Amino acid sequence: MAELNSCGYDVAGSNVNLLSGAGTRHASLGHLTCGDQVDVERKSGGWYRVTLSERSRSGIRAGTVEWVAERHLKPSVCTQLPD
């Protein structure tokens, strides 16, 4: 498996389902929108188990751990300042 981005991921879309499991047959626990940020714990097929870095714009609390389809996430860009 490829290494996950240590800077986290940005949600790339609107009304992105945060699901109770890896797959569309699982219940939606709410929606994420463009600008929400998550950290990825692991990958299973085309799904990422994520932790919300901050409260989502739709009101889902920070620290919530659930699943998002890979296609809805894009790696955050890391910035490293020179020494």
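The values are calculated or read from the model by the stated rules, or taken from the named source; none is laboratory data. Just so we're clear, the structure is a prediction, and the values are computed from it rather than from any experiment. Because the Cβ atoms are built from the backbone with ideal geometry, glycine has one as well, and the counts that use them run over all protein chains shown. The accessibility values were calculated without ligands, DNA or RNA, using every heavy atom of the protein model including side chains. Shrake-Rupley method; radii C 1.70, N 1.55, O 1.52, S 1.80 Å.
Observations on the model:
- Condition check for Glu3 on (1) at pLDDT 95 or above; (2) open to solvent by 40 Å² or more (accessible area, probe 1.4 Å): one failure, at (1).
- Restricting attention to the range 34-68, the residues that are polar (S, T, N, Q) and more than 14 Å from Gly8 (Cα to Cα) add up to 4.
- Checked against the criterion of being over 22 Å from Ala22 (Cβ atoms) and of a type in the set (A, V, I, L, M, F, W, C), the candidates Val50, Val65, Val77 yield just one match: Val77.
- For the range 17-36, a tally of residues being surrounded by 14 or more Cβ atoms within 10 Å (Cβ to Cβ) and more than 13 Å from the chain's Cα centre (by Cα) returns 1.
- Any pair with Cβ under 6 angstrom, 6 or more apart, that starts in the range 55-68 at a residue that is of a type in the set (Ser, Thr, Tyr) and ends at one that is not in a loop (DSSP other than H, G, I, E, B): Ser56/Leu32; Ser58/Gly30; Ser58/His31; Thr64/Leu52
- Among the residues of the range 37-83, those that are open to solvent by less than 70 Å² (accessible area, probe 1.4 Å) and β-branched (Val, Ile, Thr) comprise Val38, Val40, Val50, Thr51, Ile60, Thr64, Val65, Val68.
- Any chance Gly13 is part of a loop (DSSP other than H, G, I, E, B), touching a residue at least 24 places away in the same chain (Cβ under 8 Å) and surrounded by 13 or more Cβ atoms within 10 Å (Cβ to Cβ): yes
Yes/no per residue for (1) among the charged types (D, E, K, R); (2) at pLDDT 95 or above; (3) closer than 17 Å to Cys7 by Cα; (4) not in a strand (DSSP E or B):
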site	(1), (2), (3), (4)
Val38	no, yes, yes, no
Arg42	yes, no, yes, no
Arg49	yes, yes, yes, no
Glu54	yes, no, yes, yes
Ala62	no, yes, yes, yes
Glu66	yes, yes, no, no
Lys74	yes, no, yes, no
Gln80	no, no, yes, yes
Asp83	yes, no, no, yes
